[in-house]
Ligand SMILES: Cc1cc2nc3c(=O)[nH]c(=O)nc-3n(C[C@H](O)[C@H](O)[C@H](O)COP(=O)(O)OP(=O)(O)OC[C@H]3O[C@@H](n4cnc5c(N)ncnc54)[C@H](O)[C@@H]3O)c2cc1C
């Protein structure tokens, strides 16, 4: 079967990998000059089944109001004339019940835990180099109330075979010696979690895909889907038509734009986040793995000889500006927890990306409702964590449908 995958971010490339592995003839098309140049470029680098979960939870609205009014709060909403934004926020609000939170949590955990197994398999069979480390993550708390609340709730990850340890400040510093003990109320260690550079992984896996016969077309913006006799038969990019038996859209936050005019609207909204990447200067006082900060909601990750801090959620459409005050908040969050890293601002790179986010937190993976068109997007905050599980699931679904059709 010939399959076109639109998008060479982490989701498109992992989808291409599992489709090629299942024996399909795969072409990946992306508007950028190489793999993972948009949201998958500089994310916070945590592969974190233990921390996986939907944003939508009881109590979110009150917390969100508190964050929005604070200048350095982790959440910002631009209140303008955008019906889509308000519809998405209302849909998020509707997911904030205990039952829906539990349902969404379970679905996300199933994908994240499967992804963890698949990453283990891929790492043992393929020689990929992506600054990977399996040292666990640690969530640190400066607010004792938050620490107590999360310590009580975290137990549900044990059902999925994941462990955790509640730590006092001294034990947290023993794990991460660079941490500023003075600000810590406590911490939770999540030993099953891993770290790695998503951009490097995507590029390395794309090279593996090429060796399996996958063809990549870069600098090729897809303008529309081609529909004939009610079926999707390919895509158009400029004057060129690319024809196939099936098409998978993995265009991240831009996926809905390719569905315009087809009567399908995915519940996916671009949620903006920022990161800052800097070289390690003082290795002993730098983070050893990922440290999650409960106050600023940032993740600080060691990626080989670099440190990356990522965070913020801005609900403001497709804005890719890089305001200075966001950078300054990332810098203060980093230096508050790791004051001895010897930070050199001129050596740091500031970046932003648009997380393709669903109100449930669960990605949209499967048949689209249009014949021959499939979707894999909506991984939100956890695209690096959930990529392999959802890509495998989609490739299995597409392969079994093909086999079922072939048998008739
Ligand atoms: C600040 C920040 C920190 C994050 N930290 C983490 C983390 O620590 N752990 C984690 O698990 N997740 C994290 N994430 C989330 C994760 O990065 C995303 O979920 C993931 O990158 C989404 O991947 P994607 O392939 O769907 O989208 P993208 O990487 O954006 O890929 C979509 C691709 O589609 C292409 N495309 C779009 N439209 C077209 C078109 N018309 N024609 C051709 N090509 C097109 C684009 O060029 C792009 O390459 C973070 C995100 C942000 C912003």
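Rule-based calculations on the coordinates, nothing more; no lab input. Note that the coordinates shown come from a computational prediction; the quantities given were computed from them, not determined experimentally. Here Cβ is always computed from backbone atoms with ideal geometry, including for glycine, and neighbour counts include all displayed protein chains.
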- Degrees separating the helix 60-69 axis from the principal Cα axis of the chain, which is the longest one: 70
- Message: Could you order the peptides 318-324, 139-145, 226-232 from most to least packed, using the average number of other C-beta atoms within 10 Å per residue?
- Response: 139-145, 226-232, 318-324
- Task: Could you rank the peptides 58-67, 346-355, 34-43 by their average count of other C-beta atoms within 10 Å per residue, with the highest value first?
- Result: 34-43, 346-355, 58-67
- Task: Considering Cα pairs under 8 angstrom that are at least six residues apart, work out the relative contact order of the chain and quote it in whole percent.
- Result: 27
- Task: Only Cα pairs under 8 Å and at least 6 apart count here; give the relative contact order of segment 1-137 as a rounded whole percent.
- Result: 21
- Task: Take the Cα atoms of segment 192-343, find their three principal axes, and give me the spread along each one in whole Å, biggest first.
- Result: 64, 38, 31
- Task: For the chain, with a Gaussian network of springs between Cα atoms less than 10 Å apart, report the residue from 123, 181, 106 with the top mean-square fluctuation.
- Result: 123
- Tell me, how many Å apart are the Cα centres for segment 337-393 and for segment 158-223? 12
- Note on the structure: Using the Kirkwood radius over Cα pairs of segment 2-407, the Stokes-Einstein translational diffusion coefficient at 37 °C and 0.692 mPa s, in µm²/s and rounded to a whole number, is 151
